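Quick note: the coordinates plus some simple rules give every number you see, no bench work behind them. These figures come from a predicted structure and were not determined experimentally.
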Amino acid sequence: EEALHRLVEVYYTIGLENEAKKYAQILGYNYQSGEWYKKSYKIFNKNYSIDLNTEIKKDKKGVLERFKKLF
């Protein structure tokens, strides 16, 4: 997953956008909800915001809420 992201990153940086898009599509097809896909998406869409801390907090809150419901 990370290797595909690195290919996207390198190809985009050196100006081979079609190649970068090709590998981003492969990454999206195989790992659409993955962290590396989100980072690759941000390369093409600079306005896209990745807030992994918010996602982690939501997960923790969900776990705590589920745990509280047990008691």
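Quick notes on this one:
- P(r) tail for the stretch 1-41: Cα pairs beyond 15 Å make up 23% of the total.
- Length gained on full extension, Ile14 to Gln32, computed as 0.36 nm times the residue gap minus the Cα-Cα distance: 4.0 nm.
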